[in-house]
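The values are calculated or read from the model by the stated rules, or taken from the named source; none is laboratory data. Here the structure is a predicted model, which is why all the values come from computation and not from measurement. Note: ideal-geometry Cβ built from the backbone for every residue, glycine included; neighbour counts use all protein chains shown. When the accessible area is computed, the model is the full protein with side chains, heavy atoms only, and any ligands, DNA or RNA have been set aside. Shrake-Rupley method; radii C 1.70, N 1.55, O 1.52, S 1.80 Å.
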Amino acid sequence: MPLLAFAVIIFFTRWKESLSSYISIGAIVLGWLASIWIMIEIVSHGGHFVNVERAFSIVTLGAFNLQLGFVVDPVAAMMLIVVTTVSACVQIYSIGYMHGDPRFSRYFAYLSLFTFSMLGLVLANNFFLIFIFWELVGLTSYLLIGFWFEKKSASDAGKKAFITTKIGDLGFLLGLMLMYLWIGTFDYDEVFAVVNSGAVETWKLTFIGICIFCGAVGKSAQFPLHVWLPDAMEGPTPVSALIHAATMVAAGVYLVAKAMTFYVASPTAAMTVAWIGLWTSFFAASIALVQNDIKRVLAFSTLSQLGYMIMALGLTNFGAGTFHLMTHAFFKALLFLGAGSVIHAVHTNDINLMGGLLKKMKKTGGTFFVACLAIAGIFPLAGFWSKDEIIAATAGHPVFMVVASLVAFMTAFYMFRLFFKTFTGEPRDQEKYDHAHESPNTMTYPLIFLATLAVCAGWVGIPGIKGYSSYIFAYGGHAHIPHAHWDVMIISTVLALMGIGLAYMMYYKKSISADAMAERFGFLYRLFYNKYYIDELYDVVLIQPCYKFARFLWSFDANVVDGLVNLQATITMWLSDVKYWIDQNIVDGIVNGFGLFFDSASSALRKIQSGRLAHYLLAVVFGLILIGLLATSNLFNWTLIRVGQ
Amino acid sequence: MDNMILTIITFLPVLGVLAILLIPKEQVVSIRHTTLFFTLVTFVASLCLIFRFDPVATGMQFEVNIPWIEQFGIGYHLGIDSISLLLILLTTFLTAIATLSTFKAVEHSHRGFYISILLLETGMLGVFAALDLFMFYVFWEIMLVPMYFLIGIWGGTRRIYAAIKFVLFTMIGSLLMLVAILVIYFQYHGLNGEFTTDLIKLTGMPLARDMQMWLFAAFGLAFIIKVPMWPFHTWLPDAHVEAPTAGSVILAGVLLKMGVYGFLRFCLPMFPIATFEFIPIISILAVIGIIYGALVAMVQKDIKSLVAFSSVSHMGFIMLGMMTLNLQGMQGSILQMINHGISTGALFLLVGMIYERRHTRMISEYGGLASQMPVYSTFFMIVLLSSIGVPGTNGFVGEFLILLGAWKFNAVYAILAATGVVFAACYMLWMYQRVFYGKVTNPANQTLTDMSLREKIVLVPLIILIFWIGVYPKPLLNLLEPSVKAVMAQVEVGRAEYNAYHGIVESVASEIELSDAENVKPEGTE
């Protein structure tokens, strides 16, 4: 039955050439309704898998068969809702935000193409198909980051994003090949059946798991391939909200969730995933503490939260990871759209130039506050429930537990630092403040809608209530039943409140001087502020040597390889010259010598030329005899050869 | 009809040459239209091949075999399998497109130009259709002449150097090939007491291992130069940069494929033992070519030479795929030949279009074209994506199959080759950024006009093919399968002897092509 819905989604969102934003929005709203319908179907069937497959073979090569098909399982249905909801909000929001842009319709075309690819990614029924859509979302991300291509920084950022994620995709691609060679199929169900049967050695599964995770590292911007995401903020802010906060970057998490079977089967791969997730969440949170660009703070916060999810999945807690994926999508999209609204009003990204905006932008400020509470994990907002589950998932791993809690504290701190600096206090730039105004309705309504979700989305996971979540976040037939972890809840709330409190004292009451803190921890501050110098490191260690090597090869090519060819030519020419000289002076010399000889001889012989016929006749006969002799000797030789054979 | 059709297709362009000769050379427009007409008719005729082609039959089709110079056993022998069928289609298609693209580009000696194009087409078609070594050699050499003129007369500033380099490089290879052909000729005579140059008869002739090695080397060198593989590639950038647009399109699209085709049609089937011996060398050269070409492309200042070096890289992929000797790799390799012809051909066409407007190809001269020429930059982006193998475009399918095959064959090569994909993204996107993004800074670019209708007509068919092969390559792959399996079976013959020579005892039936082993019947063992 939902087949029709897919047709609608695929068909409408493919209308990327539409010139009007309305077509695009209409399509996505239809898609949204359809995905809600799918969700209701799933829930009403008690969470049984609703499979819809349209297998369509594109490549058959002997035993190698690639099929395209779509499948919905509960997680996919959840992702559908997330993608379509955020996408719809962002598109409506964009009407206001992108108003007056010369490439307005192209923007919506790209957005639609993105949504289509993202939905395809979510619905794919095999790893190969997911890879195809995976690359397509990467491509649309490239196009949208570099949307304002007149700016060099924007086109640089697009290129960086594309190439960095491509490196991760390389790992994914290798994982796919290994999967084909060792397992023999790409189809989810078949792959999992083989893995679960234990027919494949664990080390192979570890290998495949890590390779697939490489793809997720690239796409979800985990360390060490995280460098593209902060730069990606050069794109239009709604794009950042949609692609670089809520959906595309979550695709990596989604992929890890889909490939969960590998990580269950291979603890080594799972721990790799968990450690990278943990490190990223800490690393990014520490950078977010000191950044001054409103979007960059949010970008690093995204990194950190994604790290959280990846970590939960690495600890093979499927439910926690995917649950946080959903809640995070809503409140992070809200944060970005709120930030976009602020930027729209004051035309700067620098929070040092903002302040006191709450008075002028009540709706934006209010929703932003809600989102901050949600991400900090304050009861009863969405983030509270999902973050709890993640921290609870770390039980039994002390290091994880401590660091994850620390990150929760840092998150609360930097989010409220952002909030206080932007919306409260005295305006630091009076001129910008005077120009600030609340954004139009097309921008604020999506904010309010998302704020509602940021409050409520977590309720599906309230412990003790047998809600949707038990089906949606279930893995491998084990229903996901949230337990109440009172201890964790209390600790994390306290930590979050401490973070908020610290931010309040530093940036609202100013009872603790932020500058003094920065002075005191100068080294750390600089380290964090410069993002651990990772970009510079890559530049020195990877990019420059690569470029230099390329230049070296080029000069090698031009001078050595081509040089040899030209040298050969020169030698040949020189030899030809030598031969020419020989020809001119020796061979021709001989000829000319003959000429000279005959010349002189003829003048001598002239005396013989008597003019008498008899003399001539004699000469002719003599010559004929000579020729005849020569000819017969040749003939003789020739006959000899024939006989010899 | 069926045995005439190949002859007709091959020599239709010559008919076109005669027709053009009848037109006074001042009537430039009618010369153009006549050429276009004949290239289109050839294309349509070659399309007929598809409909009459039996996709399941093995062996050659549309064969025609008439004794030609009987004393020497030389026959007029044409015939195609699905590999040559696709290459013939590519040839006729690209020639028609290239002809259409030249309407404004040629500035003098129009008649000579179009005659060269048509003669070149006959040469190329003959190479792909010939089943007689002598005929193959004749077509192979004939082709050089019009190409020499195309580069040398209608080329850029260093055209003479480029043209001579191109011809000399190719000649060196083909002379060795000629010697090798003669050796085979006498060998066959020694064995069977009959003189023949017929490929079908010569294939499967039992030759001693050492003899095969020498012959493979001689043929192989000719083909490697043509491909071109590192380190014999240096004629390519020069030839590409100097050649007129149509010349570059045909050169990249078709001529380079002849080297690979030569391997498939001659080296592999005739010298199976040597094939196994040479696999390591050729595949290493291929991998070097992939990475080397990509890195050197990165630092090029001229768009055309960037594309030329990207060809070196792509051709490395194709050769690597072929050397895997498994179904995925070889199918991918042949598909990638078609893909490379389409996407690189399209890239050269696109570069030619701005060259016609600005008379420069230097990347630094441009910038900000995306706002000045939005349609053009969109087309460029699509072709570029196909060239770097983004899923949904043709390049991805080919590259993926090649990598899959390569992985089965040697994982290290596959990983190295796969990094080439990343480098490709680097140099292409960087070039795109410098040419299309940013603000228009060079005042000369402010008056640029977007694509004309004719230019769109030139590119749209290529774009359609890019997406079609990218989304649904199955028909092509199915078409290729029997022919590829036939070649594989012919090569398989050499494995036993290769193993015996090296003392390899295989526990498994064969390390290559485990999963497809049951499908491959040793047909070529007669």
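Could you work out the pair-distance distribution P(r) of the stretch A:310-428 from its alpha-carbon pairs, with 5 angstrom bin width and percents rounded to whole numbers?
2, 12, 20, 21, 15, 11, 9, 7, 3, 0
To the nearest 100 Å², how much accessible surface do chains B and A hide from each other in total, with a 1.4 Å probe?
Values: alone 19490 and 29450 Å², together 44150 Å².
Counting both chains, the buried surface is close to 4800 Å².
If packing is taken as the mean number of other Cβ atoms within 10 Å per residue, what is the order of A:380-387, B:129-136, highest first?
On the way: A:380-387: 26.5, B:129-136: 24.2.
Highest to lowest by the protection proxy: A:380-387, B:129-136.
Take the alpha carbon gyration tensor of the stretch B:40-172, find the square roots of its eigenvalues, order them as a ≥ b ≥ c, and report rounded if a/c is under 1.5; if not, report prolate when a/b exceeds b/c, else oblate.
Details: a/c = 2.56, a/b = 1.46, b/c = 1.75.
Verdict is oblate for the stretch B:40-172.
Projecting each Cα onto the charge dipole of the protein assembly as shown (Lys/Arg +1, Asp/Glu -1 at the beta carbon, about the Cα centre), which of B:V435, A:S304, A:W37 comes out farthest on the positive side?
Ranked along the dipole, the leading option is B:V435.
What are the ³J(HN,Hα) values, in whole Hz, obtained from phi via the Karplus relation 6.51 cos²θ - 1.76 cosθ + 1.60 with θ = phi - 60°, for each residue of the stretch B:81-91 in sequence order, with x given for Gly and Pro?
Using θ = phi - 60°, the values come out as 10, 5, 5, 5, 4, 5, 5, 5, 4, 4, 4 Hz.
What is the mean number of Cβ atoms from other protein chains located within 10 Å of the Cβ atom of each residue in peptide A:154-165, rounded to a whole number?
Numbers: counts 2, 9, 3, 0, 4, 8, 1, 0, 5, 6, 1, 1.
Average per residue, whole number: 3.
What number comes out for the charge environment of A:P427, summing +1 per Lys or Arg and -1 per Asp or Glu over other residues with Cβ under 14 Å away?
Summing Lys and Arg as +1 and Asp and Glu as -1 gives 0.
Between the chain alone and the structure with every protein chain in place, find the residues of the stretch B:266-298 that drop at least 20 Å² of accessible area; heavy atoms, 1.4 Å probe.
Going by heavy-atom accessible area, the residues of the stretch B:266-298 that drop by at least 20 Å² are B:Y292, B:L295, B:V296, B:M298.
With angles folded into 0 to 90 degrees, how steeply does helix B:474-502 sit against the dominant principal axis of chain B? Use alpha carbons for both and round to 10.
The angle comes out near 50 degrees.
Among the residues of the stretch A:166-197, which ones have their accessible area go down by 40 Å² or more when all the protein chains sit together, as opposed to their chain alone (1.4 Å probe)?
A:K166, A:L170, A:L173, A:L174, A:M177, A:Y180, A:L181
Could the peptides B:36-49, B:384-397 be put in order, highest first, of the mean number of other beta-carbon atoms found within 10 Å of their residues?
Details: B:36-49: 18.9, B:384-397: 25.4.
For the peptides B:36-49, B:384-397, the packing ranking is B:384-397, B:36-49.
Taking the Cα centre of the stretch A:402-451 as origin and charging only Cβ (+1 Lys, Arg; -1 Asp, Glu), how large is the dipole, in debye to the nearest 20? Before the final figure, lay out the partial values.
Values: 4 positive and 5 negative charges, 54 e Å.
It works out to roughly 260 debye.
Which order do the peptides B:279-288, B:109-118, A:241-250 take when ranked by the mean count of other beta-carbon atoms within 10 Å per residue, highest first? Kindly include the intermediate steps, with their values, before the conclusion.
On the way: B:279-288: 19.4, B:109-118: 21.9, A:241-250: 29.6.
Those peptides, ordered most packed to least, come out A:241-250, B:109-118, B:279-288.
Could you give the accessible area per residue of the stretch A:541-581, probe 1.4 Å, as a whole number in Å²?
Numbers: 3090 Å² over 41 residues.
Using a 1.4 Å probe on heavy atoms only, each residue of the stretch A:541-581 averages 75 Å².
Quick one: accessible area per residue over chain B, 1.4 Å probe, rounded to a whole number of Å²?
Details: 17130 Å² over 526 residues.
Dividing the accessible area of chain B by its residue count gives 33 Å².
Which net charge results when you count Lys and Arg as +1 and Asp and Glu as -1 among the other residues whose beta-carbon is under 15 Å from that of A:N441? Present the calculation step by step, with values, prior to reporting the outcome.
Numbers: positive: A:K362, A:K363; negative: A:E438.
Residues close to A:N441 contribute a combined charge of +1.
Convert each backbone phi in the stretch B:26-31 into a coupling constant with the Karplus relation 6.51 cos²θ - 1.76 cosθ + 1.60 (shift: θ = phi - 60°), then list the ³J(HN,Hα) values in order as whole Hz, x for Gly and Pro.
6, 7, 4, 4, 6, 4
Return, ordered by residue number, the residues of the stretch B:274-288 whose backbone nitrogen is under 18 Å from a label point located 7 Å along Cα→Cβ of B:A496.
Only B:274-277 fall inside the zone, counting backbone N under 18 Å.
If you take every residue apart from B:H110 with its C-beta less than 13 Å away from the C-beta of B:H110, what net charge results, scoring Lys and Arg +1 and Asp and Glu -1? Present the calculation step by step, with values, prior to reporting the outcome.
On the way: positive: B:K25, B:R32, B:K104, B:R111; negative: B:E26, B:E107.
Around B:H110, the surrounding residues sum to +2.
Is there a quick way to get the dipole size of the protein assembly as shown? I mean about its Cα centre, with the Cβ of Lys and Arg at +1 and of Asp and Glu at -1; what is the value in debye to the nearest 20?
Numbers: 65 positive and 68 negative charges, 559 e Å.
Charge dipole, the protein assembly as shown, about its Cα centre: 2680 debye, nearest 20.
May I ask you to find the residues of the stretch B:379-408 that are shielded by at least 20 Å² of accessible area once the whole protein assembly is considered instead of their isolated chain (probe 1.4 Å)?
Residues losing area: B:M381, B:L385, B:V390, B:P391, B:F396, B:F400, B:L401, B:L403, B:L404, B:W407, B:K408.
Lys/Arg Cβ at +1, Asp/Glu Cβ at -1, dipole of the protein assembly as shown taken about the Cα centre: which of B:T197, B:H108, A:Q430 is farthest positive-ward?
A:Q430
Once the dipole of the protein assembly as shown is set up with Lys and Arg at +1 and Asp and Glu at -1 on Cβ about the Cα centre, which of B:A96, A:L629, B:V254 lies farthest towards its positive end?
After comparing all options, I get B:A96.
Mind checking the mean number of beta-carbon atoms from other chains within 10 Å of the Cβ atoms in A:552-562? The partial results should precede the final answer.
On the way: counts 3, 9, 10, 2, 2, 12, 3, 0, 2, 6, 7.
Shielding by partners across A:552-562 averages 5.
Let me know the mean shielding of B:235-241 by other chains, meaning the per-residue number of their Cβ atoms within 10 Å of its Cβ. It would help to have the intermediate numbers written out before the result.
On the way: counts 2, 0, 3, 2, 0, 0, 0.
That works out to 1 on average.
Report ³J(HN,Hα) in whole Hz for each residue of the stretch A:300-316, in order, from the Karplus equation J = 6.51 cos²θ - 1.76 cosθ + 1.60 where θ = phi - 60°; Gly and Pro get x.
Running phi through 6.51 cos²θ - 1.76 cosθ + 1.60 with θ = phi - 60° gives 5, 5, 4, 3, 5, 5, 5, x, 3, 5, 4, 4, 4, 5, x, 7, 6 Hz.
Hey, any idea what % of the protein assembly as shown's accessible area is carbon plus sulfur with a 1.4 Å probe?
Working: 30570 of 44150 Å².
Carbon-and-sulfur percentage of accessible area, whole number: 69.
Once every DSSP H run of n ≥ 4 in the protein assembly as shown is given -39500 (n - 2.57) and the sum is divided by its residues, what mean residue ellipticity at 222 nm do you get, rounded to the nearest 500 deg cm²/dmol? Before the final figure, lay out each step's value.
On the way: 50 runs with 820 residues, N = 1171.
Calculated mean residue ellipticity at 222 nm is -23500 deg cm²/dmol.
Counting other C-beta atoms within 10 Å, and keeping those with at most 11, which DSSP coil GluC sites (Glu not before Pro) do you find in the stretch B:61-145?
Of the GluC sites (Glu not before Pro), the ones in loops of the stretch B:61-145 whose Cβ has at most 11 other Cβ atoms within 10 Å are B:E107.
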